[in-house]
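Visitor: Below are the structure tokens for one structure; questions will follow.
The values are calculated or read from the model by the stated rules, or taken from the named source; none is laboratory data. Predicted model only: the values in this text are computed from it and were never measured. FYI the Cβ positions are ideal-geometry reconstructions off the backbone, even for glycines, and counts take in every protein chain you see.
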Amino acid sequence: MHEIREVLRLWLRGEAERAIARMALVDRKTVRRYVGAARAAGLVRSGTEDALTDTLIGVVCETVRPHRPDGHGEAWAVLKAHHDQLERWLKTDRLNVVKVHDLLVRQGVVVPQRTLHRYALEVLGVGRSSRERTVRVADGEPGVECQVDFGRMGLIPDPATGRRRVVWALIFTAVYSRHTFVYLSFRQTTEAVIEGCEAAWAFFGGVFKVIIPDNMSAIVDDSDPLEPRLNTAFVEYAQSRGFLIDPARVRKPQDKPRVERVVSFTRDSMFAGEVFIDIDHAQRHAERWCRNRAGLRTHGTTQCRPAELFSIEEQPHLLPVPTKPYDLPVYSEPKVARDHHVEVARAIYSVPGDLIGARVKARADSALVRIFHRGVLVKVHPRKPPGGRSTDPADLPAEKTTYALRDIDHLRNLAAGHGPVIGAYASALLDSPLPWTKMRQVYALLGLVKRWGPERVEAACSRALEAEAISVPLIGRMIERATESAPAAPPARRGTETARFARDLSHFATARSNDTDTGQPELFGTGAMA
């Protein structure tokens, strides 16, 4: 109505159509339509502006824009006449609006494509609208909510690899004040998110009571609109810092609109057009940008400077800032091996009980490694560096503990428990620069004790020690031949023993060649035979 009144007022003043169109900011055809309708209603150019009554303007408006009973024009009525066919194409055949518009044109039905799009959306419920209805959610109390989201910034040099890498911005936005903090990282892991949170609490000077993150895998293991399963490490971090986690739904940016709008603003204002030498340089620039450019601008919704509003109304309500750095644990679910050990962070730890083949949960921080089975703590070890080992002898079977730990003294005492001579024989076996290499022979000796009894082995070891024969197989042969208790044969004296195939002594007799002949042969060499 104001547009019509302005056009007619300029017309009564004698302005031409071109001038009226320029001054009223309308098309010349529109000027002609308005003037024609007014003249048909009785307006004359020689009249005064008092003739532009509300009644006259209403008549002109009704003439140039006819009343639509249902709020739609003729094209809408044409589409309603083809409702069933449109429903089959759009819902049953799942054709898009552009294709349906082409099919209607082939049938001689010409309607604006925009009207067809609105009909499909409003009547058939098909398609998406850029003007989807929504409601503004209240900001809540100051110091309560903080929305978090990852945004891809671009490429910056990484001195560690010597190449340019994609850098991600973990953006924190206070819901009440819109104050923003940006933490840059090359990764999107749980460790990177926790590092970003620690930097954010230091920047804000406190901890928010609730954070609303994107459905990022570093925080949410299994997404669900009602009961998402959160990452164990991040849940423990939230418990230590005293805040709650309320993750947004998948593909629902309206659940975190405050930070969603800041992602593009951060990319365009903070990162675009800048030159950074490394990520530390970029992080320093990001913090200055958060305090100055983003923090001191006048926000379009709150009409306040975010940094000032945060400092005055929100910061006093935050939880205290952490005083100690967070000890980030490592979680894993190793499998208990046949040697009663599990591998956690590239080190091995013993596990008690008969859990071979079972999956356990391990939590390793900088000081301790805790092992759980079905929610019950079964073992605690001191943390070892990669390649290290922590074994509790009580966790291993009693019969295997000595060998597994190479306990030479325990093995020697174990042998002495069956008899003093057996203990002495075991000590003689272990008398080596590398005694653990002889442990198998002592175990074999103990096996003979178990098979034949300590008495027979004691006797065999006694005879072997007398002969200085240190050999376990020799002990076994003696027992098998039952010679461990037989008296030893006296040593033969040289010269009195007759060989088995020796000749008679007379065979070596010779006659004396001198004059004195006694008639008896004299033996030579008998001394050699003696």
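Visitor: When Arg291 is evaluated against the numbered criteria (1) touching a residue at least 12 places away in the same chain (Cβ under 8 Å); (2) more than 27 Å from Gln239 (Cβ to Cβ); (3) exposed (fewer than 14 other Cβ atoms within 10 Å of the Cβ), which criterion, by number, is the only one it fails?
Guide: Evaluating Arg291 over (1) touching a residue at least 12 places away in the same chain (Cβ under 8 Å); (2) more than 27 Å from Gln239 (Cβ to Cβ); (3) exposed (fewer than 14 other Cβ atoms within 10 Å of the Cβ) leaves (3) as the failure.
Visitor: Continuing with the same structure: I'd like to verify a number: residues in the range 294-303 that are in contact (Cβ under 8 Å) with a residue 60 or more places away in the chain and of a type in the set (Gly, Ala, Ser), how many?
Guide: Restricting attention to the range 294-303, the residues satisfying the condition of being in contact (Cβ under 8 Å) with a residue 60 or more places away in the chain are 294-295, 299, 301-302.
Okay, now just the ones that are also of a type in the set (Gly, Ala, Ser), so 294-295.
Residues flagged as in contact (Cβ under 8 Å) with a residue 60 or more places away in the chain and of a type in the set (Gly, Ala, Ser) within the range 294-303 amount to 2.
Visitor: Scan Asp268, Asp278 and give me the residue that is touching a residue at least 40 places away in the same chain (Cβ under 8 Å), over 24 Å from the mean Cα position of the chain (by Cα) and surrounded by fewer than 16 Cβ atoms within 10 Å (Cβ to Cβ). Steps first, please.
Guide: Numbers: Asp268 fails: touching a residue at least 40 places away in the same chain (Cβ under 8 Å).
Sole residue among the options that is touching a residue at least 40 places away in the same chain (Cβ under 8 Å), over 24 Å from the mean Cα position of the chain (by Cα) and surrounded by fewer than 16 Cβ atoms within 10 Å (Cβ to Cβ): Asp278.
Visitor: Moving to a separate point now. Looking only at the range 43-56, which residues are touching a residue at least 12 places away in the same chain (Cβ under 8 Å) and part of a loop (DSSP other than H, G, I, E, B)?
Guide: If the condition is that a residue be touching a residue at least 12 places away in the same chain (Cβ under 8 Å) and part of a loop (DSSP other than H, G, I, E, B), then Leu43, Arg45, Gly47, Thr48, Leu52 are the ones that fit.
Visitor: So, Arg363, is that one surrounded by 13 or more Cβ atoms within 10 Å (Cβ to Cβ), touching a Lys or Arg at 6+ places or on another chain (Cβ under 6 Å) and free of Cβ contacts under 8 Å to residues at least 12 places away in the same chain or not? First the steps, then the outcome.
Guide: Numbers: surrounded by 13 or more Cβ atoms within 10 Å (Cβ to Cβ): yes; touching a Lys or Arg at 6+ places or on another chain (Cβ under 6 Å): yes; free of Cβ contacts under 8 Å to residues at least 12 places away in the same chain: no.
Considered against the rule, which asks whether it is surrounded by 13 or more Cβ atoms within 10 Å (Cβ to Cβ), touching a Lys or Arg at 6+ places or on another chain (Cβ under 6 Å) and free of Cβ contacts under 8 Å to residues at least 12 places away in the same chain, Arg363 comes out as no.
Visitor: Give the residues of the range 242-259 that are within 16 Å of Cys146 (Cα to Cα) and surrounded by fewer than 15 Cβ atoms within 10 Å (Cβ to Cβ), sorted by residue number.
Guide: Result: Gly242, Leu244, Asp246, Pro253, Gln254.
Visitor: For Glu145, which of the numbered conditions (1) over 19 Å from the mean Cα position of the chain (by Cα); (2) surrounded by fewer than 19 Cβ atoms within 10 Å (Cβ to Cβ) fails to hold?
Guide: Condition not satisfied by Glu145: (2).
Visitor: Just the residues that are free of Cβ contacts under 8 Å to residues at least 40 places away in the same chain and either among the hydroxyl-bearing types (Ser, Thr, Tyr) or surrounded by 18 or more Cβ atoms within 10 Å (Cβ to Cβ) (or both), please, taken from the range 335-354.
Guide: Val336, Val342, Val344
Visitor: Can you name the condition, by its number, that Ile422 falls short on among (1) of a type in the set (A, V, I, L, M); (2) surrounded by fewer than 18 Cβ atoms within 10 Å (Cβ to Cβ); (3) modelled with pLDDT of 85 or more?
Guide: (2)
Visitor: Ala200 versus (1) closer than 27 Å to Arg291 by Cβ; (2) modelled with pLDDT under 95: which is the lone unmet condition?
Guide: (2)
Visitor: Of the residues Gln303, Gln239, which single one is out of contact with any strand residue (DSSP E or B) (no Cβ under 7 Å at 6 or more places or on another chain), within 27 Å of Val360 (Cα to Cα) and surrounded by fewer than 16 Cβ atoms within 10 Å (Cβ to Cβ)? Can you show your working first?
Guide: On the way: Gln303 fails: within 27 Å of Val360 (Cα to Cα).
On inspection, the qualifying residue turns out to be Gln239.
Visitor: Another question, if that's okay. Pick from the range 336-383 the residues that are within 22 Å of the chain's Cα centre (by Cα) and among the basic types (Lys, Arg): which of them is nearest to Tyr326 (Cα to Cα)?
Guide: Selected residue: Arg363.
Visitor: Oh, and also: For the list (1) surrounded by 14 or more Cβ atoms within 10 Å (Cβ to Cβ); (2) under 26 Å from Gly242 (Cβ atoms); (3) touching a helix residue (DSSP H, G or I) at 6+ places or on another chain (Cβ under 8 Å), I need the number of the one condition that Pro325 fails.
Guide: The one condition Pro325 does not meet is (1).
Visitor: Provide a single number: the residues in the range 187-220 that are crowded, with 17+ Cβ neighbours inside 10 Å and under 18 Å from Val167 (Cα atoms).
Guide: Within the range 187-220, residues that are crowded, with 17+ Cβ neighbours inside 10 Å and under 18 Å from Val167 (Cα atoms) number 12.
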